[in-house]
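Below: the structure, in structure tokens.
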Amino acid sequence: MTEGLEILIVPTIACELEFSSSTVVAITGKEVKAYVNNTLVAMWSRIIVPSGARLRLEIEAETETSHSGFRVYLSIRGGLPSIPAYLGSKSTSMGLGGYQVSLSSRYSDQYSHTCQGRSLLSGDQLSLGFCGPVESDKTRNESIDSILIPKYSSDWTIHVLPGPQDDEEFLSPAGQSAFYSTKWHVSTDSNRLGIRLSSSNKIQWARTSGGEGGSHPSNILDNGYASGTINLNGDTPVILGNDGPDMGGFLSVCTVASAEMWKLGQLQPGNTICFKRISWSCSKIIHKVLGEWDRVVCSSLNGHRLPPKLRLPWDLDLTDDYETAILHEVGEDHERAGDAAILVDFGLMKLDMNIRARIHAFQTVLHKQSPAGLQSLPPSVENMEFPGRRITLPIVLDDPWNKEALERYMATMRRLAVYLPSNIEYLAKNNGLEPSEALRRLIQTDWLVFSVGFYLGCPFIVPIDPRCRLVGQKMNPSRTITPRGAIGIAGPVAAIYPVESPGGYQLYGRTLPTWQTWGKGKDFSPERPWFLQPFDQVHFEVIQAEEYAEVARSFDSGTYQFKIEPTIFSMKQYTEFAYAISAETMDFQNCQRKASMHEERREQELLREWQREKQSQAVSAQASITDIKGANSLSSRKTIYNSFPLSIATGITATINSPLFASVWKINCRPGNRIESASDPLLILEAMKMEIPVTGGEANVGKVIKKLGEGVVEGGSVRLGDVLLLLS
């Protein structure tokens, strides 16, 4: 489901659906072959699937458009009424929402729990509403004019608005120019949360450190993110999609224009992107063009002629004088974050309880005011008091689950870094402490919930005692996997991960997640499945890893009893406390600065070593592709594998090729196996955090697998069109 429409999304995989009643459907998006009972039908048209018939979508790896577009959209008349809304949406995201199935207990015929948030699997059933043809269909066109069908590229230009952090404080002038002139490659480590980009060009920073935000220049104190923001995640740009976080601690150099967001859904691994800066006024032109296209599509289906002059959204190449991201400066900076959001900065980028209180008061006023505008300013905060709760959470320090996540990171993302192989040892060294003392400080103080956001009510917390505020850089690049309930530090801020998700904080323990999907337990509700709120206070109580499994089971069942006490955070009392220990705090901060400078130098050396290693691997891989794997290129494949003499000599009669850039996750066949079924998954690829089965297809049933393609191994990478299997 997407953008309020109840549709199925098919991401570059073959699929087959059987309909038990006559149903009207439409297929749009990436070009595929669509069949109803083996009869080829047209995309971008009204299709009637008879009762009992099957609709089959096939992906062809060797077509001219196979490298263009990524997702197929299947619309069904009447939608999917049996899919329940979760938090106001039917979408599947982050392991939540979408299709639901009840799982029965081994010991009871009663359903024990409900599973949701997964992809559709073979055997799943979806109930439809009224979905058949109607009389009015006869008076409407069956398909749209071909000129109105979107053109998907493999080399994309995406229009963006600079900001909120596109200025010379963060990127050098040369760095800004280089960022927008670079052709960025879409990584296979992408998904609906974020699209990761790569390039041999390095980010050119204007600073050497992120200050209190962390030691890497991409690090900032956590702030809000707009949808479509291009986040500099260490040295890796990431486009934040609609499912992405709404806040975090990496700077955002620019934001995709709202009317260009549709392009993100069709980016395929291996595609290239060039970002083009435009002004807010220019973004409104793009929005107008997109809206006009939508109106023309609707009118053409009703029999109206196309207008003589029509600008199409995918053909726009606008030249415009872009503007500074700063909209207003007076005490607070107001910075543009795309064409639909504004970031308001309060004061300098330093952790300050008084500034946080001002922000909280500002947000409170905004909630009470009419959306037409703000009519008053927050009051003075010196004597403000914020009611909240003191909540005790269990924590396993130096836990095995976070260690496993780091091992995976070292195996798949980055082998050498100052924070590897142990985040805890790094945090200790970065703060001039021994590991045991670092962990002791992290649990001896209560923590204040500064904000709640990022993913699914993720709480950002800060030690109330400034002598316990350890600091650390964010991982560069960030992890693709973090255990739910993991707690980590970046800058002086910690976060508790509510679900398994990407992340870049330095992990030191595991507590209970603060998200309860079904709202089970007296401290949650189905309408509010997150637990913590700003100005709550958290106290940690150490438990052992062996105890955690039972605690987690109790939490998941909704029976865990949190220890909760009412409390008040008084700015007056905090200011007096901070003043009383200011000398000790200053001594600790001086020690921190010296230790951090030493670790920053080590990280710069290790980062350069890792980058040299990556560059060497890239050069070797390219040479291998050029000199050894020429047979796997699209042009060479047609010459070698389809040439008559070689087919006779080797017995090769067909090949199965990769439909996209991906990693090989599983190989389910071996030489000598016969392909018995068109739908059996011979290999499973992984891209965009999705499993993509590769099947033989009807044409190859009965053929024998002669050998695997050159370099096809589990854990290896393949490109679009690479030969996966050779058949005889």
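The values are calculated or read from the model by the stated rules, or taken from the named source; none is laboratory data. Only a predicted model underlies this, so the values are computations on that prediction, with no experimental measurement involved. Every residue, glycine as well, gets a Cβ built from its backbone with ideal geometry; the counts of neighbours run over all protein chains shown. Surface areas here come from the heavy atoms of the whole protein model, side chains and all, with no ligands, DNA or RNA. Shrake-Rupley method; radii C 1.70, N 1.55, O 1.52, S 1.80 Å.
Here are a few things to note about the model shown:
- In this calculation the C-beta distance from LEU87 to THR208 is compared with R0 = 35 Å, giving a FRET efficiency of 0.25.
- Cα-based shape type of the range 479-625, given that a ≥ b ≥ c are square roots of the gyration tensor eigenvalues and the cut on a/c is 1.5: oblate
- Within the straight-line cut-off of under 25 Å between alpha carbons, the lysines reachable from LYS703 are LYS33, LYS629, LYS638, LYS666, sequence neighbours fewer than 8 places apart in one chain being disregarded.
- Once the Cβ-Cβ distance of LEU318 and LEU40 is raised to the sixth power relative to R0 = 41 Å, the FRET efficiency obtained is 0.60.
- PHE179 sits among other residues whose Cβ lies under 13 Å from its own Cβ, and their net charge, with Lys and Arg +1 and Asp and Glu -1, is 0.
- Protection-proxy order for peptides 26-34, 520-528, each taking the mean of Cβ atoms within 10 Å per residue, highest first: 26-34, 520-528
- Trypsin sites (Lys or Arg not before Pro) within the range 119-171: DSSP coil, no more than 16 neighbouring Cβ in 10 Å: ARG140, LYS151
- Radius 14 Å from Cβ of LYS563, net charge of other residues (Lys, Arg +1; Asp, Glu -1): -2
- Spacing of the two label points (7 Å from each Cα toward its C-beta) at THR157 and GLU686, in nm: 3.7
- Peptide packing: for 462-469, 510-517, the average count of neighbouring Cβ atoms within 10 Å per residue gives the ranking 510-517, 462-469, highest mean first.
- Taking 21 Å as the straight-line reach from the Cα of LYS522, the lysines in range (excluding those fewer than 8 positions away in the same chain) are LYS563.
- Angle between the chain longest axis and helix 582-627 axis [Cα atoms, degrees, rounded to 10]: 20
- Overall form of the range 541-613 per C-alpha gyration tensor (a/c, 1.5; a/b vs b/c): oblate
- Rounded to the nearest 10 degrees, the angle from helix 571-580 to the longest Cα principal axis of the chain is 60 degrees.
- Packing-based ranking, highest mean first, of 495-504, 535-544, 578-587 given that Cβ atoms within 10 Å are counted: 495-504, 535-544, 578-587
- Antiparallel DSSP beta bridges within the chain, percent to nearest 5: 90
- Using the Cβ-Cβ distance between ASP243 and GLU404 with R0 = 30 Å, the FRET efficiency computed as 1/(1 + (r/R0)^6) comes to roughly 0.75.
- For the chain, the longest principal axis of the C-alpha atoms and the axis of helix 280-301 are separated by about 30°.
- Estimated at 0.36 nm per residue, the fully extended path between ALA678 and ASP145 surpasses their Cα-Cα distance by 188.5 nm.
- Heavy-atom surface of the chain, accessible at 1.4 Å and reported per residue (Å²): 47
- Helix-only [θ]222 nm of the chain, DSSP H runs n ≥ 4, -39500 (n - 2.57) each, per residue, nearest 500: -7000 deg cm²/dmol
- The range 148-168-the range 1-50 distance, computed between alpha-carbon centres (Å): 29
- Heavy-atom accessible surface of the chain: percent carbon and sulfur, 1.4 Å: 52
- Cross-link reach list, lysines versus LYS474, counting only Cα pairs under 27 Å and skipping chain neighbours closer than eight places: LYS183, LYS202, LYS350, LYS403, LYS429, LYS594, LYS614, LYS689
- Options (i) 1.02; (ii) 1.15; (iii) 1.10 - which one matches Cα Rg over 2.2 N^0.38 Å as calculated here: (i)
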